[in-house]
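These notes are about the structure you will find just below.
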Amino acid sequence: MRPLTHPSMEDITVEGILHALSDPVRVAIFAELAGSACAHTCSNFLQVSDRSIPKSTLSQHFRALREAGLIRSERHGVEMHNSSRCEEIERRFPGLLAAIMNAHRIQSAGRSRAAKRHAATPKAKAG
């Protein structure tokens with residue numbers, strides 16, 4: 001099995017972070033990890049934002065987050081435990097992740113309201 005590599009803090013870039021978090025599934029995964037005090041296994045994210053995510057796709061998302069330096073992954077038997085590197089990134093780029101996570105929360109709340117409005121709109125009968 002290949003060893004996991006994590007970039008050093010000096011190798012983490014704003015561009016890499018923004019690229020990794022530009023995907024809606026990855027930013028949702030990272031938001032959950034960043035808001036948690038403990039590590040999560042990949043299988044905790046088989047359902048993200050009401051969408052089923054195949055394991056193979058999920059592993060690619062975690063790899064992108066790890067390579068951007070946003071998470072640390074550790075193997076424990078057959079499971080992969082993932083945790084955020086928020087504190088380290090905050091020291092390197094103060095306020096960056098807080099701004100991104102705040103924007104994500106605002107955007108998610110807007111999408112939720114829009115979805116509720118759409119679901120509440122009566123469908124016109126074909127006639």
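The values are calculated or read from the model by the stated rules, or taken from the named source; none is laboratory data. On a predicted model such as this, the values are computed, not experimentally measured, just so you know. Glycine gets a Cβ as well: all are built from the backbone with ideal geometry, and neighbour counts include every protein chain shown. Ligands, DNA and RNA are excluded from the accessible area calculation, which covers all protein heavy atoms including side chains. Shrake-Rupley method; radii C 1.70, N 1.55, O 1.52, S 1.80 Å.
Look at the dipole of the chain built from charges on Cβ: of Gly110, Ala28, Ser59, the Cα furthest out on the positive end belongs to Gly110. Helical runs (DSSP H, four residues minimum) scored at -39500 (n - 2.57) apiece and divided by the length of the chain put the mean residue ellipticity at 222 nm at -15500 deg cm²/dmol. If you run the Gaussian network model on the chain, springs between alpha carbon atoms under 10 Å, then out of Ala99, Ala20, Ala114 the most flexible one is Ala114. Between Phe93 and Cys38, the modelled label-to-label distance comes to 2.9 nm, taking each label 7 Å out from Cα in the direction of the beta carbon.
Placing a label point 7 Å from the Cα of Arg75 along the Cα-to-Cβ line, no residue of segment 22-39 has its backbone N under 19 Å from it. Between the helical axis of 55-67 and the longest alpha-carbon principal axis of the chain there is an angle of about 50 degrees. Relative contact order, whole percent, for the chain stands at 26, derived from Cα pairs under 8 Å and 6 or more residues apart.
The residues of the chain have, on average, 66 Å² of accessible surface per residue, using a 1.4 Å probe with all protein chains present. Among the protein heavy atoms of segment 11-69, carbon and sulfur supply 50% of the accessible surface, probe 1.4 Å, non-protein parts ignored.
Within segment 27-44, list the residues whose amide N lies under 16 Å from a label point set 7 Å along Cα→Cβ of Gln60. Only 27 fall inside the zone, counting backbone N under 16 Å.
Averaging the Cα positions of each part gives two centres, and for segment 71-127 and segment 15-54 these lie 7 Å apart.
With respect to the chain, whose longest principal axis is taken over its alpha-carbon atoms, helix 24-34 is tilted by about 60°.
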